[in-house]
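Single-structure report; data block below.
Readers should treat all values here as calculations from the given coordinates under stated rules, not as data from a laboratory. In this text the structure is predicted, and so the values were computed from the model without any measurement. Using ideal geometry, Cβ is built from the backbone for each residue, glycine included, and neighbour counts are taken over all protein chains shown.
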Amino acid sequence: MQHQEILHRCFRCGYCKLPGNYVDLNCPSYAKYRFETFSPGGRMWLLYAWVNKKIEPGKRFQEIMFSCASCGNCVEHCTLPKIKDYLLEAFTAGKEELVNNGTVPPAVRDCLTKAYNHGNMYGLSKKKRGDWANGLNIEPYSDQEYLFYVGDVGSYDPRGQEIAGSVASLLKKEKISFGILGKEELCDGNDAKAMGEGELFKHLAEENIKKFNSLGVSKIITLSPHAFNAMKNDYPFLEGSITIFHYSQILERLVGNFKFKNSLETVKVTFHDPCYLGRHNMEYASVRKTLAAIPGVVPVEMDRCLQNSLCCGGGGGNVFTDILGGGPESPARSRIQEAAETGAQILAVACPVCAVMFEDAVKAGNAENNIEVKEISEIINERLA
Ligand code: SF4
Ligand code: SF4
């Protein structure tokens, strides 16, 4: 197993499951289950026991491994420089061993099979991939400045589709030259990689790169921070020939041009940093600058923000497999409570996965009167003149 040599170095101090001020639990799987084995240090020792043949990779072991949301809080807060950068890679390597041995939870197996057979994590028809854009008059990509890459959640989940349409409408309003791939688009593979299916990720990345190169794409705007992360960090682009943007970085540039309504109600908004935009890519400023520039929006911060943000629980493929699961102790339920405690009326998100996770949590927790989840382009669209 890759990074096997670092497993014994973890001395279980436990700092990796906390945020920077140590007052809360910030590893989503540990926060939910409260068993040490679900914490990053616990995972290290489970993996150590497994590779040394002290335990078998049974059902419980598999569930623990796949409940990791790949959020990166442990990488941020581990106290041992010799291992911290490799923690997440070690957890992914453990999952990869399980995938290669065929010992994975059924939900993981089904999800990866769907991605393999259909090019998306939902196992839905490729032909329907561009349906979110029906009636929106969006051009297919040919030679425009940007390719708008929507991803699986934006293409197939009804809430993701709304967000894709909302972002596209702002790009159109500002006459940004962009096109989409529609039914030609393919899964970005970020979550397949996080679930340990390295070969599937490689295949998806190669197919996507082939497509982008054949079309002469030079700039991509991604809807999801997950695709942003995969393409920016894990796709073997040659010499940075394609520049990758998350749409929030484009909105930051555009927000000064929008014509907003004259009289707007003041609203408190708190922003949830998506793990794959924040901790994984250190992009914390764009959304905050955009929110601050919207008339009537009063930004407020949660205690756990920026590099201490609590994951929504959807990362690492959990939005598809639901292995981390819901319930009152789920990270999404805990996060909406934290957002409401700031006095904010709106929990702003910049990721379709976060939107889906939090809206489910608001409904499950009957919190509709406490907080509303809105994606940032929707906040802008509502306030335009
Ligand atoms: S902070 Fe690092 S050394 Fe301490 S328990 Fe976590 S992984 Fe192990
Ligand atoms: S990546 Fe996140 S969920 Fe996984 S062990 Fe680290 S802190 Fe926990």
Point-charge dipole on Cβ atoms (K/R +1, D/E -1) for the chain, about Cα centre, debye to 20:
240
Do any trypsin sites (Lys or Arg not before Pro) in region 166-252 lie in a loop, going by DSSP, with at most 15 other beta-carbon atoms within 10 Å of their beta carbon, and if so which?
175
Net lengthening on full extension, residue 184/residue 284 (0.36 nm per residue, minus Cα-Cα)
32.8 nm
Taking the alpha-carbon centroid of each part, what is the distance from region 209-234 to region 1-15 in angstrom?
33
How high is the relative contact order of the chain? Use alpha-carbon pairs under 8 Å, at least six apart in sequence, and give a whole percent.
18
Reported to two decimal places, what Rg/Rh ratio describes region 54-134 when computed on Cα atoms with Rh from the Kirkwood expression?
1.11
Just subtract the alpha-carbon distance of residue 110 and residue 37 from 0.36 nm times their residue separation and send over the number in nm, one decimal.
23.8 nm
Estimated dipole of region 239-348 in Debye, rounded to 20 [Cβ of Lys and Arg +1, of Asp and Glu -1, Cα centre]
360
For the residue 370, residue 292 Cβ pair and Förster radius 25 Å, calculated FRET efficiency rounded to 0.05 is 0.60
If you keep only loop residues by DSSP, which GluC sites (Glu not before Pro) in region 267-356 have at most 16 other Cβ atoms within 10 Å of their Cβ?
301, 329
Kirkwood Rh in Å, taken over all unlike Cα pairs in the chain
21.2
Karplus (6.51, -1.76, 1.60) ³J(HN,Hα), θ = phi - 60°, over region 25-39, in Hz, Gly and Pro reported as x
9, 10, 8, x, 6, 5, 4, 7, 9, 6, 9, 4, 4, 8, 8
Let me know the volume per residue of the alpha-carbon convex hull for region 125-253, in Å³.
105
With a cap of 16 neighbouring Cβ atoms within 10 Å, and only residues DSSP puts in a loop, list the chymotrypsin sites (Phe, Trp or Tyr not before Pro) found in region 28-109.
35
On the formula 1/(1 + (r/R0)^6), with r taken between the Cβ atoms of residue 243 and residue 117 and R0 of 30 Å, the FRET efficiency rounded to 0.05 is 0.40
Kindly give Rg over Rh for region 4-104, based on alpha-carbon atoms, with the Kirkwood expression for the hydrodynamic radius.
0.94
Show log10 I(q)/I(0) for region 172-213 at q = 0.26 Å⁻¹, two decimals, from a solvent-free Debye sum over equal Cα scatterers.
-0.86
Write down the percent of antiparallel bridges among all DSSP beta bridges whose residues are both part of the chain, to the nearest 5.
5
How far apart, in nanometres, would the label points at residue 21 and residue 177 be if each is projected 7 angstrom from Cα along the Cα-to-Cβ direction?
4.8
